[in-house]
Amino acid sequence: MSITDKAKERAKKNPNLLFGFLIIFHLILISFNRSSDRPDLRIIQRVVFIPVTLLGSGVSGGRSMVAGLWQRYIDLRGVSEENRQLKTDLVRIDSEMVRLREKLAEYRNLQNLLETTNYDGYQRITARVVSRDVNHLFGTVIIDKGSFHGIQKDQPVVDATGLVGRVILVTTLSSRVLLITDERHGSGALITKVPGVDHYGVIRGIRDNFYCEMDFLTTPVLLENGQTVVTSGQDGLYPRGLLVGRVANPVDKSASTQQRNVIAPAAALDRLDLVSVLQVTGDQIRAAAKLVEAEEKRQEAEAASKK
Amino acid sequence: MEKENSWKTLVIFVSLLGAVFVQTTLIRIIPESIGQWTGQVDWLLLVTVYIGLRRDPVRAMLTGVVAGLLYDSMTGASMAGVSGLSYVLAAYVTHSIAVLIIVDNLLVRFIAVTVSTLINTSLRLIFYAILKLSFPALAGGQRLAAFFIFAILAHLIASTLLYIILDRVYHRADNMQRRRDGARRRRL
């Protein structure tokens, strides 16, 4: 059997190959025809032109799409970088804001300290409470100013709202302040005066802190709640007129508390921050107190003579 | 075997020449009223379909190629290759139908002729449109439908007549071949 016969046999069994070949042959033959309206173009040129145009536009569109996607990717990367930067900025701004809030609070404290208290023209040294005496719960505090700044022993310490205590120990750069609520403070014999009633007595700290009690009243009486307690200036420790606090007797007047006049300090002793140390000596205080007493007696005498 | 093939090829070639003669010459001498109908008939296609129905795909497709070349040479090769493509496609489809439906009767022939006519006409119209050649059937949908219907009817009628003749020719050719083969065997 010759090669031609073999090919014929194979083609008879499977005519698809021959069919495909003949179709391609005829398509090639057709592609050489020229159309009547464009004799300069073969049909293949016309037929190919359309897919090529479509392919070109597709490629162009695809390229634009890819370029767009790439640009978006670049933008997104930029956005991501910007986002990271913004987060960093946000953290920085947050911390800055916290710092500024602290500064603002400090500024307000200072302003209150300077504007709301009346210290009769005494010079003041502003100090910050840096430590509390843990051995004596809220009994003493340490401030960041000492003898180097002009602070001396027994000088009164106040804050924006009222009397805090007095300096009991001075070092070069810091001082210890005994709070008015400390039990030991009673030994200082603070004599106070209740305005309008003129009860004199002694203020001392009580064991459960945050409160004081007023003893040795000139007229033993149970004070009314809310009455203002100020320093009398007669003890030579505190100038006259410093706000100590208000009477805060327990409502339940049992036998144990009946004769006790409890004073709630005006100063927030549990959260002290900025305080002022008044630059005044014991002699100055006593002299001022005597002058005031003399003035009061003179006014009382005038009033009596008028009557 | 080789002589048998040559004999068959010769018969096919003669059939094709006869189809060309009918398609080009006979149409001019018959009355115009009948010529309008017979002008729709593609005799070369019918010969190709007939060969395809004889379940010889290679011969059928090659017949299609030759028929296409003859048609193109007749028409001045304004669409070279289109006829050949449609004839080859028709031959392949006819062979597929003949293989699928093993029974050889008039209905199978009608189906093959109808499908081949549709393929042939559709392909020609498509290439007419691509090559921007004028053709009345391309003017509108109604004309196009009428063209298809007339083409199918004309081919069915023509194929009925033609295939009777071709059956006789091929039957005679087969008988002659058998007689020759018998004589040869006796001589040996």
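The values are calculated or read from the model by the stated rules, or taken from the named source; none is laboratory data. In this text the structure is predicted, and so the values were computed from the model without any measurement. Neighbour counts run over all protein chains shown; Cβ positions are idealised from the backbone, glycine included. Keep in mind that these areas ignore ligands, DNA and RNA; they rest on the heavy atoms of the full protein, side chains included. Shrake-Rupley method; radii C 1.70, N 1.55, O 1.52, S 1.80 Å.
Here A:Thr116 does not fit the description of being of a type in the set (Ser, Thr, Tyr) and either at pLDDT 85 or above or closer than 25 Å to A:Gly236 by Cβ (or both). Among the criteria (1) modelled with pLDDT of 80 or more; (2) within 10 Å of chain B (Cβ to nearest Cβ); (3) open to solvent by less than 80 Å² (accessible area, probe 1.4 Å), the one A:Ser64 does not fulfil is (2). Here is the figure for segment A:181-192: residues that are surrounded by fewer than 21 Cβ atoms within 10 Å (Cβ to Cβ) and at pLDDT below 75 total 3.
The rows are residues; the columns are (1) open to solvent by 50 Å² or more (accessible area, probe 1.4 Å); (2) within 12 Å of another protein chain (Cβ to nearest Cβ); (3) assigned to a loop (DSSP other than H, G, I, E, B).
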site	(1), (2), (3)
B:Leu46	no, no, no
B:Ile51	no, no, no
B:Ala60	no, yes, no
B:Thr63	no, yes, no
B:Gly68	no, yes, no
B:Ser86	no, yes, no
B:Val99	yes, yes, no
B:Leu107	yes, no, no
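Which residues, taken from segment B:70-84, are of a type in the set (Ser, Thr, Tyr) and not in a loop (DSSP other than H, G, I, E, B)? Across segment B:70-84, the qualifying residues are B:Tyr71, B:Ser73, B:Ser83.
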